[in-house]
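The next block holds one structure in the form of structure tokens; read it before the comments.
Every number here is computed from the coordinates shown, using simple stated rules; none is lab data. Computed from a predicted structure; not experimentally measured.
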Amino acid sequence: MRRSEFLRAVADEFGAQASSLVSDLVLPSFGRTAAEALDAGVPPREIWLALCDETDVPADRRYGAGRLEPRR
């Protein structure tokens, strides 16, 4: 997962709350916010899964999130 895919997945899942969650919610597994973890070089996929765990996102909406539909 790339950073852009992470940000798209967060926006798709959380809508208007996305930026607040990324910048304000401290993820216990990292001891920092998602934004801080990204800046520290933590892989976006790990941050996405930690954010999903913390906010109870169902498993069927976690994998493949953030990817664009393939071009036809």
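Based on DSSP H segments of at least four residues, each scored -39500 (n - 2.57), the chain has a per-residue ellipticity at 222 nm of -14500 deg cm²/dmol.
Backbone phi angles across the stretch 34-49, fed through the Karplus curve with coefficients 6.51, -1.76 and 1.60 (θ = phi - 60°), yield HN-Hα couplings of 4, 4, 5, 5, 4, 5, 7, x, 5, x, x, 4, 5, 5, 4, 5 Hz in residue order; Gly and Pro are listed as x. Mean projected area of the convex hull spanned by the Cα atoms of the chain, taken over all viewing directions: 4.8 nm².
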